[in-house]
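Participant: There's a structure below that I have some questions on.
Coordinate-derived values only; no laboratory data. Please read all numbers here as calculations on a predicted model, not as lab measurements. We place every Cβ from the backbone using ideal geometry, glycine too, and count neighbours over all the protein chains shown.
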């Protein structure tokens, strides 16, 4: 008989070893599960809750807690991920009801989206929500292929990468824990050069990026790459990659519109993939695209980025978000009435929308 799935809070020892433990998760762990994310999301007034889901499989899941007038919410980005979806939903619901004032828990198992899995979540009583994470639709590359991975890229992209190498495109690699404040600042300046100086979509203030990069630096799970297409000291492009879990993630990137050597940005990513594979990572996530149905919509806010990323491989979609409602009356009151009033006074985090 299979063991009954249950949920508990992680011990202090488990939290101290968190990034090591998430590699044991069925999905191998990813940036959104990392210990660093617990500290980063405090910036948005969210409190980390480290959970352990135990059953046939054990999952180490990071939840972010938000507080509103009528109670509390938890959000588990890209998790908890396990094969026993029904057992997970039941265990999360039971544990959540034991927590005073907790209205609902938003979950999104990091499993490929299929009608059958969505139906299973809904049959278990989870209420489908909107796609919360940019990583819900993305390109994920198999690093276990080694250097043969490049053969999965579109032919023109392969040629562009090799052309940049042959023309002497120069790459500077900096481990996040060795980066200086000046490195953070010059990376942020490159982010701002995108889109005619408007920056990347949904770009945030420097303080947030500094915190993000700094927290992954503390756990030695981040790496910067700066690319140069001449002998000067000013980088033409840069990317930041997270290395927590077995999936490396291309989190941030920026480049100047003028370039002497084409293909530099793609070469940076290829080098980052090679390094991540060398470090034992098994997958590389390009961190988001439009959903497949919108990939060719030129009016989509992420169209250009999506067109670039799909040159590396096909877009895949993971399960959407689901709400496990714990206190239906109070939750419904907050959703339908109180939230609109509360957020006029104190805007809430997007994790609770």
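Participant: Could you list 94, 205 in order of exposure, starting from the residue whose Cβ has the fewest other Cβ atoms within 10 Å? Before the final figure, lay out each step's value.
Facilitator: Numbers: 94 13, 205 9.
Listing 94, 205 from fewest to most nearby Cβ atoms yields 205, 94.
Participant: What relative contact order, as a whole-number percentage, does segment 137-316 give when Cα pairs under 8 Å and 6 or more residues apart are counted? Mind showing how you got there, number by number?
Facilitator: Numbers: 318 pairs, mean separation 61.3, N = 180.
Reported as a whole number, the value is 34 percent.
Participant: Can you give the extra length, in nm with one decimal, that the chain gains between residue 167 and residue 207 once fully stretched, where that is 0.36 nm per residue apart less the Cα-Cα distance?
Facilitator: Full extension of this stretch gives 10.8 nm more.
Participant: Now, a different point. First measure r as the distance between the Cβ atoms of residue 24 and residue 131, then evaluate 1/(1 + (r/R0)^6) with R0 = 22 Å and state the FRET efficiency to the nearest 0.05.
Facilitator: Efficiency for this residue pair is about 0.25.
Participant: Quick check on segment 259-342: what are the equivalent-ellipsoid semi-axes from the Cα gyration tensor, as sqrt(5λ), descending, whole Å?
Facilitator: 38, 19, 13
Participant: Kindly rank 326-339, 267-280 from highest to lowest mean number of other beta carbons found within 10 Å of each residue.
Facilitator: Result, highest mean first: 267-280, 326-339.
Participant: Using a 10 Å cut-off around each Cβ, can you sort 132, 31 from fewest to most neighbouring Cβ atoms?
Facilitator: Ascending Cβ contact count within 10 Å gives the list 132, 31.
Participant: Still on this structure: Give me Rg/Rg_expected for segment 88-236, where Rg uses Cα atoms only and Rg_expected = 2.2 N^0.38 Å with N residues. Each step should come with its number before you reach the end.
Facilitator: Values: Rg = 21.4 Å, N = 149, 2.2 N^0.38 = 14.7 Å.
It is 1.46.
Participant: Which order, highest average first, do 74-81, 14-21 follow once you tally other Cβ atoms within 10 Å for each residue and take the mean per peptide?
Facilitator: Sorting 74-81, 14-21 by mean packing, highest first, produces 74-81, 14-21.
Participant: Calculate, for residue 178 and residue 341, the FRET efficiency according to 1/(1 + (r/R0)^6) with r their C-beta to C-beta distance and R0 35 Å; round to the nearest 0.05.
Facilitator: 0.15
Participant: Still on this structure, please answer the following. If you wrap a convex hull around the C-alpha atoms of segment 31-160 and split its volume per residue, what is the figure in Å³?
Facilitator: Hull volume over Cα atoms, normalised by residue count, gives 159 Å³.
Participant: Hey, another quick one. Would you mind calculating the relative contact order of the chain from Cα pairs under 8 angstrom and at least 6 residues apart, reporting the percent as a whole number? Kindly include the intermediate steps, with their values, before the conclusion.
Facilitator: Numbers: 689 pairs, mean separation 83.3, N = 353.
In percent, rounded to a whole number, it is 24.
Participant: Share of Cα-Cα pairs in segment 137-316 beyond 27 Å, in percent?
Facilitator: Everything past 27 Å amounts to 22 percent.
Participant: When a/c reaches 1.5 or more, the comparison of a/b and b/c decides; with that in mind, is segment 171-269 rounded, prolate or oblate per its Cα gyration tensor? Could the numbers behind the result be given before it?
Facilitator: On the way: a/c = 1.64, a/b = 1.34, b/c = 1.22.
It comes out prolate by the Cα gyration axes.
Participant: What angle, in degrees between 0 and 90 and rounded to the nearest 10, separates the Cα long axis of helix 206-218 from the longest principal axis of the Cα atoms of the chain?
Facilitator: The two axes meet at around 90 degrees.
Participant: Here's a follow-up. Figure the gain on full extension for residue 16 and residue 156 (residue separation times 0.36 nm, minus the Cα-Cα span) and round it to one decimal in nm.
Facilitator: Length difference between fully extended and current span is 45.9 nm.
Participant: Shifting gears a bit: Roughly how far apart, in whole Å, are the Cα centres of segment 94-110 and segment 247-287?
Facilitator: So the two Cα centres are separated by 36 Å.
Participant: Just one of (i) 27; (ii) 51; (iii) 66 is percent of Cα pairs over 34 Å apart as worked out from the coordinates here. Which one is it?
Facilitator: The calculated read-out lines up with (i).
Participant: Continuing with this model, one more query. Sort 129, 321 so that the residue with the fewest other Cβ atoms within 10 Å of its own Cβ comes first and the one with the most comes last.
Facilitator: Working: 129 16, 321 22.
Least crowded to most crowded, the residues run 129, 321.
Participant: If I stretch the segment between residue 120 and residue 148 completely, what's the gain in nm (0.36 nm per residue apart, minus their alpha carbon distance), one decimal? Let's see the in-between values first.
Facilitator: On the way: separation 28, 0.36 × 28 = 10.08 nm, distance 3.69 nm.
Length gained, residue 120 through residue 148: 6.4 nm.
Participant: Return one number: the angle in degrees, 0 to 90 and rounded to the nearest 10, between the long axis of the Cα atoms of helix 264-278 and the longest principal axis of the Cα atoms of the chain.
Facilitator: Rounded to the nearest ten degrees, it is 60.
Participant: Where does helix 181-192 land angle-wise versus the long Cα axis of the chain, in degrees 0 to 90, nearest 10?
Facilitator: The answer is roughly 90 degrees.
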